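The block underneath contains the structure these notes are about, expressed in structure tokens.
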Amino acid sequence: MIHVSQRVRRLTSVIMAAFVGLVTLMGPGMTQAHADDSSSVKGKTFIIATDTTFAPFEYRDASGEMVGIDMDLIHEIAIREGFEVDIKAIGFDAALQAVQAKQADAVLSGMTITDERKKIFDFSDPYFQSGVQMAVKEDSDIAGYEDLKGKTVVGKTGAEGLSYAKSISKKYGFTVKALDKADTMYSEVQTGNAAAVFDDYPVLAYGIAQGNGLKTVTPKVAGGSYGFAVLKGDNAALMKAFNKGLADVKADGTYDKIVDKYLKASNSEADQSFWQLFVTSFPALMKGLGMTLAATALSLLFASILGVIFGFCKVSGIGILKVIAAIYVDIFRGTPLLVQAFFFYFGLPTVTGIKIGVLTAGVLTLSLNAGAYMTEIVRGGIQSVDPGQMEASRSLGLNWIQSMRKVIVPQAVKISTPAVINQFVISLKDTSLLAVIGFAELTYQGQQIIARNFRSFDIWIMVGIMYFIVIFALTKLSNFVDRKVNK
């Protein structure tokens, strides 16, 4: 009986060991198989990074919604495959960085499939065959590449148009200048700063149809294919679902309807008067202004707290606190605001693996940057008070904290008020720099509107007037408060 029991235990052990080994051997494969299964994306939400101004593939319509060939395509595929998408319009370069920093799951932005990019990204099946064309100002005499000798042309950073222009620049003797937005490139040509622009033919065709004042003068040069991309080795299930959905929309004709909808579209905004355009754009601009004021208020609140803390550290007379405050000020005053914004939005998540929202990254950047200047304002205000004031208060029996609170700080506040007002205005204007990470403030909204109607002159006048009115009003209000405080 004992022998039977031992054999049963040995047999059980062997079976368990075999089972564990089988699971161990098959586990990764089974897990991978599940991860690669397109059905595993159902019910999930994926962050899709895209460009801000690349009509007709992605741009905002009059209601502020992201539309275009890429947008309609991803929404149609998402519905069919059962997943949700969260679109982040942050610019082409920023979109690539966002996926690499894992701030986004994929990029869909008219991105040409190249061998170099394949080292970093996994691409879907091609969804659009691109091509490059050259366009010049409508009244220009330039009729071909031969007329470009000694002139400057523009192309979009990272795009095929720029690469093609560079490839023929020596042969035809012209200089190539890289810019990051389509509307900026077209403005360069319209104002005569550049003789021609090289861009993808559908983008050029859309802009000309909207009345951007350009004309194409060369035949289309066959280019590469656009692809949906994820970080290499990541989101295989999403990629499989996209390819499956793409095949379906091509098979039933939905893809052709989406492409025709935008490539054959006309634009009524191009025919609007300045006032009509202002009325149409006002809701989006006010939304951007609200974000500008909110970010400014939040960043100044946190900057003031930081300024007081580190300002007092600097005048505390305690060596270690002075060193810490000095390091903080040196770092954030010694590096550009844009670099800090890129670091917090792209760099920090890469290291920590924690995603940071664009509002959080924007407020964090502005707060820490403004906090460094506020630190110096607080330090300067305190040290501007006559040292004899401290000696007198101490001689009256007040300790250091009481002397600061009752004698020094009230005088320092009066001295610092004009500098604080100045920092307030600077921080408000600095919010415009955060447009590069997709922060939807006033400048960003202006770029979005220009992307669909190419009326840059009119829109920038509106944006400039709105900034002026707000800053003028706030400056007057601040000066009123200053007079009251220093009465």
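A residue that is crowded, with 18+ Cβ neighbours inside 10 Å and closer than 26 Å to L434 by Cα occurs somewhere in region 318-327.
Scanning region 462-487 for residues that are open to solvent by 60 Å² or more (accessible area, probe 1.4 Å) and in a helix (DSSP H, G or I) returns I465, F468, I469, F472, K476, L477, F480, V481, R483, K484. Of all residues in region 343-380, those satisfying the criterion of being of a type outside the set (S, T, Y), touching a residue at least 40 places away in the same chain (Cβ under 8 Å) and under 30 Å from V407 (Cα atoms) are L368, N369, A370, G371, A372, M374, E376, I377, V378, R379.
Set side by side, the residues L179, L162, L148 differ, and just one is crowded, with 21+ Cβ neighbours inside 10 Å and within 26 Å of the chain's Cα centre (by Cα), which is L162.
Number of residues in region 310-337 that are closer than 24 Å to S427 by Cα, without any contact (Cβ under 8 Å) to a residue 24 or more places away in the chain and aliphatic (A, V, I, L, M): the value is 3. Could you please let me know if G388 is assigned to a loop (DSSP other than H, G, I, E, B) and among the small types (G, A, S)? Answer is no for this residue. Among the residues of region 398-430, just one is open to solvent by 60 Å² or more (accessible area, probe 1.4 Å) and not in a helix (DSSP H, G or I), namely N399. Looking only at region 178-222, residues that are in a strand (DSSP E or B) and without any contact (Cβ under 8 Å) to a residue 60 or more places away in the chain come to 2 in all. Scanning region 364-379 for residues that are among the β-branched types (V, I, T) and more than 14 Å from the chain's Cα centre (by Cα) yields T375, I377, V378. Tallying residues that are open to solvent by 40 Å² or more (accessible area, probe 1.4 Å) and under 25 Å from L204 (Cβ atoms) within region 431-454 yields 1. All of G245, G227 fail the test of being modelled with pLDDT of 90 or more and touching a Pro at 6+ places or on another chain (Cβ under 9 Å), apart from G227.
Against the criterion of being among the basic types (K, R) and either crowded, with 20+ Cβ neighbours inside 10 Å or within 30 Å of I401 (Cα to Cα) (or both), K314 qualifies.
Candidates G207, G155, G224, G161: the one that is under 19 Å from N453 (Cβ atoms) and among the small types (G, A, S) is G207.
Considering only region 208-237, state which residues are within 23 Å of the chain's Cα centre (by Cα) and open to solvent by less than 10 Å² (accessible area, probe 1.4 Å). Passing the criteria: Y226, G227, F228, A229, V230.
The set of residues from region 440-487 being acidic (D, E) and modelled with pLDDT of 80 or more comprises E441, D458.
The values are calculated or read from the model by the stated rules, or taken from the named source; none is laboratory data. The model shown is predicted, which means the values in this text are computed figures rather than measured ones. Note that each Cβ is placed from the backbone with ideal geometry, even for glycine, and that neighbours are counted across all protein chains shown. These area figures cover heavy atoms from the full protein model, side chains too; ligands, DNA and RNA do not enter into them. Shrake-Rupley method; radii C 1.70, N 1.55, O 1.52, S 1.80 Å.
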